[in-house]
Amino acid sequence: MANRIRQLDEKVKPVRAALDQINVEQVAREAGVPASTLRYDLQKVAEALPQVLANQKPGPEPPDSASRIATKTPPTEEDSVCPQCGGKVRKNGTYWVWNWLLMLTMGWLGIQKVLIQRRRCKGCGYEMVAPERLRQGEAHQAWLQQVARLVGLSRFKLGLSVRKTQLLVGFVYARQVSVGYIEKLTHQVGQRAQSVLQRLNQCRQNVALFLMYDETFPKMSKHVYSLGVAICEYGLIRSVRCIRHKAKDIPAQLRTLVGENFHPTYFLTDLDVMYQEYLTQAGLTLSHLRDKVHLIRQIVRLFEEAVRDVTLDVPKGLPTKERQHQLQLKRRLLRKRLQPLLTLVFKAFSPTYESVCVLTLEGVVSLLQDPTMILQTASVQTLTRRLQRFLNKHGDTINRLLQLSIENGTPMTTNALESKNSIFKPFSRIAKFFPVLERCEDFFAGVALMEDFDVKTRGAHFGTSAMQRAGINLEDLQASDFFSAVNLPKPQISIAYVTD
Ligand SMILES: [Zn+2]
């Protein structure tokens, strides 16, 4: 009870009583003024008490509060009957409230106050709520909702920090919101976004064949978490998760992803060898495919290693400089020899070659083994062996990947996923202030959900959002856009209140 807010009546009564006890005659004599004058002045003080003692918001008044406009409410039902005790209701002073309606509709131009006439029952103290106060109360709620939406936009779309968001709200409305409020709201919205993402697999939707998964590494404070991101072929971000222990967190994430209405057939990742194991641990039996770009990059790497690992068979005692020179020469020669074969590799992966891609790669292996084509040095033999092993391992999945892409138009690369990952990078700068992993995760869930609802204004997906492309049934999701999904729908105020 220590710091509770005292009601106005509680303050006015005792001060009135104290004023009544003043010995007016004596004070007037001592001050040398007529007693009637002093009595008159005291009366004015007594009348002004409700206004003087009204609970004020702490902090300085905004500079333009001098321009407050008094729009006196018309005295309706003067001296009406108290609904509580049947006693008479009388005027009981006035008070100022912010004109939230103007604030809502006109932004910072709307900062003004309205005067409210209080009417109170003399018998039981019941206060009749003025219609103007109801109207302003509703407008206030609508204004708060609009500010919350602005904060949501600023944090999850514009990527502004808490301080910059505060600045933005201040600029639009000339009213301050606290840093704590913005942080709390950010967290709440993030939590709700996370639960919406988790509900995605329970909504009716288009059949998705692919689950693409990758880790990204946004900078998050001193703790180096990675962020596991999963999307389907429609580009819908279905899950984000902070990864601390890969072996534990990634299988857990994969497990929660797949559900009633989302059970993909293929798992598309880069060449990280651990993914197959995570998939097994998650208890999923998806067919594991590898991203085309990473496959090509891997073959190029094998060729580069062959050139790098060239050995020199020269008599001892040759000066180092001379050895280096000969080595360079031999490398250049081999690179020149291998170049047509590498060109063939790129050709194998190019469009219209899908059906013969693996065959072409096997042809490259045969050419590498042909002594008339290329000198069978140790590094070339190693290359041949490694490329053969690569084909044994990935040949089938390469064929499947390319075939699916021809037949169903499914992706061959994780490029879509990597472009999603790049969205998170700038946000990590403003998320790093969350010391707790879960809060970071919720924050990125908010960013992901915003992106899922984002209608593209250019590019291949012009005019659609990922939610639309994936055919997520929005009734099942119970949301029509980001803001309604995180429980921040557009504020509605009764038209009667606006036009009154
Ligand atoms: Zn009453």
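The values are calculated or read from the model by the stated rules, or taken from the named source; none is laboratory data. If you're wondering where the values come from, they're calculated on a predicted model, not measured in any experiment. A quick note on method: Cβ atoms are made from the backbone with ideal geometry, for glycine too, and the neighbour counts reach across all protein chains shown. When the accessible area is computed, the model is the full protein with side chains, heavy atoms only, and any ligands, DNA or RNA have been set aside. Shrake-Rupley method; radii C 1.70, N 1.55, O 1.52, S 1.80 Å.
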Using beta carbons and a limit of 7 Å, which pairs, at least six apart or on different chains, have the first residue in segment 319-341 and under 25 Å from Thr360 (Cα atoms) and the second one open to solvent by less than 80 Å² (accessible area, probe 1.4 Å) and not in a helix (DSSP H, G or I)? Leu334/Val310; Arg337/Ile374
Kindly establish whether Gly107 is at pLDDT below 85, under 22 Å from Ala174 (Cα atoms), away from the ligand (no atom under 16 Å from the Cβ) and of a type in the set (Gly, Ala, Ser). yes
If I go through segment 119-148 residue by residue, how many of them are open to solvent by 50 Å² or more (accessible area, probe 1.4 Å), more than 22 Å from Arg175 (Cα to Cα) and more than 16 Å from the ligand (Cβ to nearest atom)? 1
Any residue that is in contact (Cβ under 8 Å) with a residue 12 or more places away in the chain, surrounded by 15 or more Cβ atoms within 10 Å (Cβ to Cβ) and part of a strand (DSSP E or B) - is there at least one of those in segment 100-109? no
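Is it fair to say Leu209 is touching an Asp or Glu at 6+ places or on another chain (Cβ under 8 Å), surrounded by fewer than 20 Cβ atoms within 10 Å (Cβ to Cβ) and either among the hydroxyl-bearing types (Ser, Thr, Tyr) or farther than 25 Å from Asp454 by Cα (or both)?
It is false that Leu209 is touching an Asp or Glu at 6+ places or on another chain (Cβ under 8 Å), surrounded by fewer than 20 Cβ atoms within 10 Å (Cβ to Cβ) and either among the hydroxyl-bearing types (Ser, Thr, Tyr) or farther than 25 Å from Asp454 by Cα (or both).
If you take the residues in segment 149-170 that are outside any helix (DSSP H, G or I) and not basic (Lys, Arg), which one is surrounded by the fewest Cβ atoms within 10 Å (Cβ to Cβ)? Break it down stepwise before answering.
Looking only at segment 149-170, we keep the residues that are outside any helix (DSSP H, G or I), and these are 157-161.
Checking the rest, the ones that are also not basic (Lys, Arg) come to 158-161.
Working: Leu158: 12, Gly159: 18, Leu160: 18, Ser161: 15.
Once the filter is applied, the top-ranked residue is Leu158.
Given the options Gly471, Gly463, name the one that is surrounded by 13 or more Cβ atoms within 10 Å (Cβ to Cβ), touching a Lys or Arg at 6+ places or on another chain (Cβ under 9 Å) and not in a helix (DSSP H, G or I). Give the steps one after another, and end with the answer.
Details: Gly463 fails: surrounded by 13 or more Cβ atoms within 10 Å (Cβ to Cβ).
After ruling out the rest, the residue left standing is Gly471.
Identify, please: which residue in segment 1-53 is part of a helix (DSSP H, G or I) and among the polar types (S, T, N, Q) and is, among those, farthest from the chain's Cα centre (by Cα)?
The initial filter retains those residues of segment 1-53 that are part of a helix (DSSP H, G or I), namely 8-20, 24-31, 35-53.
Still in the running and among the polar types (S, T, N, Q): 26, 36-37, 43, 51.
Details: Gln26: 70, Ser36: 68, Thr37: 66, Gln43: 59, Gln51: 44 Å.
So, considering only residues that are part of a helix (DSSP H, G or I) and among the polar types (S, T, N, Q), the one farthest from the chain's Cα centre (by Cα) is Gln26.
Output the number of residues of segment 277-321 satisfying the condition of being outside any helix (DSSP H, G or I) and of a type in the set (D, E, K, R). I'd like the intermediate steps shown before the answer.
Taking segment 277-321 first, the residues outside any helix (DSSP H, G or I) are 282-291, 309-319.
From the residues that got through so far, the ones that are of a type in the set (D, E, K, R) too are 290-291, 309, 313, 316.
Number of matching residues: 5.
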Residue check: is Thr413 at pLDDT 85 or above, closer than 30 Å to Asn399 by Cβ and polar (S, T, N, Q)? yes
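Using the structure shown, decide if Arg90 is within 16 Å of the ligand (Cβ to nearest atom), in contact with a Pro (Cβ under 9 Å, 6 or more places away or on another chain) and at pLDDT 85 or above. Steps first, please.
On the way: within 16 Å of the ligand (Cβ to nearest atom): yes; in contact with a Pro (Cβ under 9 Å, 6 or more places away or on another chain): no; at pLDDT 85 or above: yes.
So Arg90 fails the test.
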Per the filter on segment 171-193, residues over 18 Å from the mean Cα position of the chain (by Cα), part of a helix (DSSP H, G or I) and crowded, with 18+ Cβ neighbours inside 10 Å are Tyr173
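Every residue, every condition in (1) over 21 Å from Leu200 (Cα atoms); (2) open to solvent by less than 20 Å² (accessible area, probe 1.4 Å), yes or no:
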{"position": "Arg244", "(1), (2)": "yes, no"}
{"position": "Val258", "(1), (2)": "no, no"}
{"position": "Phe267", "(1), (2)": "no, yes"}
{"position": "Leu271", "(1), (2)": "yes, no"}
{"position": "Gln276", "(1), (2)": "yes, no"}
From the residues in segment 359-386 that are open to solvent by 70 Å² or more (accessible area, probe 1.4 Å) and out of contact with any Lys or Arg (no Cβ under 9 Å at 6 or more places or on another chain), which one is nearest to Leu342 (Cα to Cα)? Glu362
